[in-house]
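The values are calculated or read from the model by the stated rules, or taken from the named source; none is laboratory data. Since the model is a prediction, treat every value here as computed from it, not as a measurement. In this analysis, Cβ positions are derived from the backbone assuming ideal geometry, glycine residues included, and neighbour counts consider all displayed protein chains. We work out accessible area using only protein heavy atoms, side chains counted, and drop any ligands, DNA or RNA first. Shrake-Rupley method; radii C 1.70, N 1.55, O 1.52, S 1.80 Å.
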Amino acid sequence: YFGMALGPFQVSDVAGNDIGYNIRREKGILRDPKTGQVGKNRLPGMRYTEIADEMVEKMGRLGQKVQKGWYNYDPKVGKGRKPLPSTEMQQLLDKYSKDSPSRGTKLEKDEIVQRVLF
């Protein structure tokens with residue numbers, strides 16, 4: 001976790017994945033679920049993935065408050081706070097990564113920090 005008590009996906013689950021989703025919607029960068037059109041403020045060349053949007057919008061994975069987000073949470077394990085691997089999320093990630101030109105590329109620690117924090 002690079003010195004952080006929680007990783008960024010755990011923090012997102014604790015805060016609620018719908019928070020980020022609603023911010024992206026208000027900023028006008030989400031794809032419209034009815035028309036399929038990309039939000040007017042998602043600029044060409046902008047680095048953006050719709051994984052988090054799909055997990056909230058289509059899968060209802062809002063985070064710990066519903067026992068599923070980036071991770072699953074079982075009330076019987078760690079009082080519902082321990083992140084557990086999710087087969088459903090792994091399938092979603094596989095779907096998005098299967099055609100990625102960087103699939104299988106090992107990232108250096110500095111690049112991970114840059115991608116996650118900046």
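Quick notes on this one:
- Percent accessible area from carbon and sulfur atoms, the chain, protein chains only, probe 1.4 Å: 55 percent
- Dividing the C-alpha radius of gyration of segment 1-52 by 2.2 N^0.38 Å, with N its residue count, gives 1.36.
- Placing a label point 7 Å from the Cα of K65 along the Cα-to-Cβ line, the residues of segment 13-30 whose backbone N sits under 12 Å from it are 13-22.
- Proximal lysines to K68, defined as alpha-carbon separation beneath 17 angstrom and excluding residues fewer than eight positions away on the same chain: K58, K76, K79, K82
- Three principal axis extents of segment 35-79 based on alpha-carbon atoms, in descending order, are 45, 21, 11 Å.
- Here is the list for segment 39-74: trypsin sites (Lys or Arg not before Pro) lying in DSSP coil, each with at most 13 other C-beta atoms within 10 angstrom of its C-beta, are K40, R47, K58.
- Direction-averaged projected area, Cα convex hull, the chain: 8.5 nm², rounded to one decimal.
- Calculated on the alpha-carbon coordinates, the convex hull of segment 56-118 measures out at 132 cubic angstrom per residue.
- Estimated 222 nm signal from helices in the chain, with DSSP H stretches of n ≥ 4 weighted -39500 (n - 2.57), rounded to 500: -11000 deg cm²/dmol
- Simple spin-label estimate for K27 and K109 in nanometres, 7 Å along Cα-Cβ: 2.8 nm
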